[in-house]
1. Counting only GluC sites (Glu not before Pro) that are in a DSSP loop and have at most 16 other C-beta atoms within 10 Å, tell me the longest site-free stretch of the chain.
2. Hey, rough spin-label estimate for R236 and Y89, points 7 angstrom out along Cα→Cβ, what's it come to in nanometres?
3. Let me know the charge dipole size of the chain about its Cα centre in debye, to the nearest 20, where only the beta-carbon of Lys, Arg (+1) and Asp, Glu (-1) is charged.
4. Rounded to the nearest 500 deg cm²/dmol, what is the calculated helix-only ellipticity per residue at 222 nm for the chain, with -39500 (n - 2.57) per DSSP H run of length n ≥ 4?
5. Which entries in K147/K253; K23/K147; K2/K23 show an alpha-carbon gap greater than 28 Å?
6. Toward the positive end of the charge dipole of the chain, about the Cα centre and with charges on Cβ (Lys, Arg +1; Asp, Glu -1), which of V110, H142, F64 goes farthest?
7. Compute the projected area of the convex hull of the Cα atoms of segment 70-116, averaged over all viewing directions, and report it in nm² to one decimal place.
8. Given Cβ point charges of +1 (Lys, Arg) and -1 (Asp, Glu) and nothing else, what value in debye, to the nearest 20, does the dipole of segment 66-152 about its Cα centre take?
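No value in this document is a laboratory result; all are computed from the given coordinates. Note that the structure is predicted; figures quoted are calculated from it, not measured. Neighbour counts run over all protein chains shown; Cβ positions are idealised from the backbone, glycine included.
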Amino acid sequence: MKVVLLAGGFGTRLAEMTDMLPKPMVTIGGHPILWHIMNIYATNGFRDFILALGYKADVVKKFFLDYSSLNADFTVDMASGNIDWHTPYRVDWRVTLVDTGIDTMTGGRVRRLREHLSGEPFMLTYGDGVADIDLGALLEFHRSHGKMVTVTTVHPAARFGELDMDGAVVRSFKEKPQTGLGWINGGFFVMQPEFLDLIADDATILEREPMEQVAARGELMAFRHEGFWQCMDTVRDRNYLEDLWRENRAPWKQW
């Protein structure tokens with residue numbers, strides 16, 4: 001099954017880092033968050049990716065064009081230009097990179113991928129969120145209900161430590177827990193191909209008209225993920241993920 005990754009946004013709330021890089025290329029532990037997301041899918045057996053690019057698409061394209069050589073040892077004969085590969089580096093991913101336009105909205109980006117999706121069901125997520133999700137269970141759930149779209153719902157992470165208070169006495173302190181209040185869109189969708197027919201044009205925002213229509217028809221189902229989930233909206237979010245990776249406590253690392 002193909003996996004669509006939305007990797008074309010500006011990342012305005014990460015402006016300190018996205019002046020030179022598209023948001024999905026901001027690094028966690030020296031690797032773009034896009035690489036982390038792709039590894040989550042690959043570890044679960046999904047290795048056929050389609051990247052919907054926009055802002056600074058050339059940066060993402062160059063990363064994948066150079067990926068093998070930058071992760072391998074080799075000798076270059078400067079006179080002839082011949083390269084002797086000592087430790088070739090290969091991953092069994094198939095990555096299709098599509099420039100979907102710098103100003104195209106999220107729905108429009110998906111619509112522009114129609115020819116690459118071959119009329120088949122597909123997975124889709126955002127290029128800025130990681131989770132310790134069981135993607136096999138997600139797909140099984142989607143197939144079991146027969147509806148058009150499955151969205152993974154998550155509890156949002158608290159921005160600050162959560163205190164249980166009794167007057168002025170603190171009874172418990174939890175550092176950045178997942179809140180138990182409500183569910184939000186966590187990405188990690190599974191979609192039937194007819195969903196593409198609900199996207200009007202480049203100006204269509206995925207989360208508005210198309211998803212609203214699907215919900216109104218009773219064709220939207222929620223896969224509840226109770227585990228770790230974190231998006232990278234701000235520098236604070238990025239630093240939190242960086243700390244988890246550096247301390248070898250990254251829950252999303254399944255490889």
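1. Working: sites that count: E175, E207, E226, E247.
After excluding every exposed loop site, the longest remaining stretch is 1-174.
2. 3.4
3. Values: 27 positive and 35 negative charges, 43 e Å.
Dipole size: approximately 200 debye.
4. Numbers: 9 runs with 69 residues, N = 255.
Calculated at 222 nm, the ellipticity per residue is -7000 deg cm²/dmol.
5. Numbers: K147/K253 30 Å; K23/K147 32 Å; K2/K23 22 Å.
From K147/K253; K23/K147; K2/K23, over 28 Å: K147/K253; K23/K147.
6. The residue sitting most towards the positive pole is H142.
7. Values: hull surface 23.7 nm².
The directionally averaged projection comes out at 5.9 nm².
8. Details: 8 positive and 13 negative charges, 124 e Å.
That gives segment 66-152 a dipole magnitude of about 600 debye.
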